[in-house]
Every structure is written in structure tokens, then in C-alpha cells.
Amino acid sequence: MIDKYTDGSPIRALIGYNFKVNGQPLVVVSQIQSTRNFSVHYSLRPLRWERMLLRMITDFWFENGVETMAVQSAEANKYFNHPPIDRDRHLRTREEFQADLKRRYNGTARREGFRYDAIKNLFLLSNPNLSS
């Protein structure tokens, strides 16, 4: 197993997601985030990593027969109204924090073709491989 970069520094995850499989056929992406140390990787900042992550997740689940993918709305995020204390001391206002969550969740889902369902409070996308 490779656990170090060529310069000897340890390999760490930069981005991650959390999901819920509410029994087939729906997978809900409930978390899209970077790790604490993501900000040190300046070469990755220009990437739209949220879109890359969501597209890879969606492709994986669709290829494995899931009928519908969902992304929770920013407003449904447990931290939306109660921002966590920023460990890195990059203090932001609640409004800045909420705007970032809206961009990360709602904006990314829309750009990837998900449509908002107000009743479910989720962004939904049907598997095009299963369309009749």
C-alpha cells in the first residue's frame, strides 16, 4: 500500500462525501466536503472538485443500477443554521458560511443536472440508463 508521496509526506484524503442508501433505488448524498488540509493544496483550488466528486459518485451508482441519485439541499445540512467553529481560525460570518453551503450543495447539484424537489427537499437526478 502506498502511504507517502514521493517527497515523503503522508497521503491524506482531500475531499469526501457521505451518503445514505435508503434501500434501492435512491442514494442520497448528504455531505460534500474538503478536508481541513485541503486549503494547503493550492494547485487544486481552480478545480471544481465538488462537481468532479458528485459526477464520479453519480456515475458509479448509476452504473450499479441505482434508479435515482439525490443531493440534500444546503438548507437541510445540519450545520446550515449552526456553523461549526472554524478550527483554522478563518472566521466567517453565518451569511458567508450559508452562501458557501448553497454553492457547494445546491449550485453543484443544479450544474450537474439535478432538479430540486420541494416536497422532498432534495435535488434529484434519474438514471438515464434505466429510462424507458
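Table: residues versus (1) touching a Gly at 6+ places or on another chain (Cβ under 8 Å); (2) of a type in the set (A, V, I, L, M); (3) modelled with pLDDT under 90.
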{"position": "101", "(1), (2), (3)": "no, yes, yes"}
{"position": "104", "(1), (2), (3)": "no, no, yes"}
{"position": "107", "(1), (2), (3)": "no, no, no"}
{"position": "110", "(1), (2), (3)": "no, no, no"}
{"position": "115", "(1), (2), (3)": "no, no, no"}
{"position": "122", "(1), (2), (3)": "no, yes, no"}
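Can you tell me which residue within the stretch 98-132, out of those that are of a type in the set (Phe, Trp, Tyr) and without any contact (Cβ under 8 Å) to a residue 60 or more places away in the chain, is farthest from residue 82 (Cα to Cα)? Before the answer, list the steps.
First pass over the stretch 98-132, keeping only residues of a type in the set (Phe, Trp, Tyr): 105, 114, 116, 123.
If we keep only those that are without any contact (Cβ under 8 Å) to a residue 60 or more places away in the chain as well, we get 114, 116, 123.
Details: 114: 26, 116: 23, 123: 22 Å.
Among residues in the stretch 98-132 that are of a type in the set (Phe, Trp, Tyr) and without any contact (Cβ under 8 Å) to a residue 60 or more places away in the chain, the one farthest from residue 82 (Cα to Cα) is 114.
Residue 66 fails exactly one of the following numbered conditions: (1) part of a helix (DSSP H, G or I); (2) at pLDDT 75 or above. What is the number of that condition?
(1)
Tell me whether the stretch 27-46 contains one or more residues that are modelled with pLDDT of 65 or more, among the aromatic types (Phe, Trp, Tyr) and in a helix (DSSP H, G or I).
The answer is no, given that none of the residues of the stretch 27-46 is modelled with pLDDT of 65 or more, among the aromatic types (Phe, Trp, Tyr) and in a helix (DSSP H, G or I).
The values are calculated or read from the model by the stated rules, or taken from the named source; none is laboratory data. Since the model is a prediction, treat every value here as computed from it, not as a measurement. Note that each Cβ is placed from the backbone with ideal geometry, even for glycine, and that neighbours are counted across all protein chains shown.
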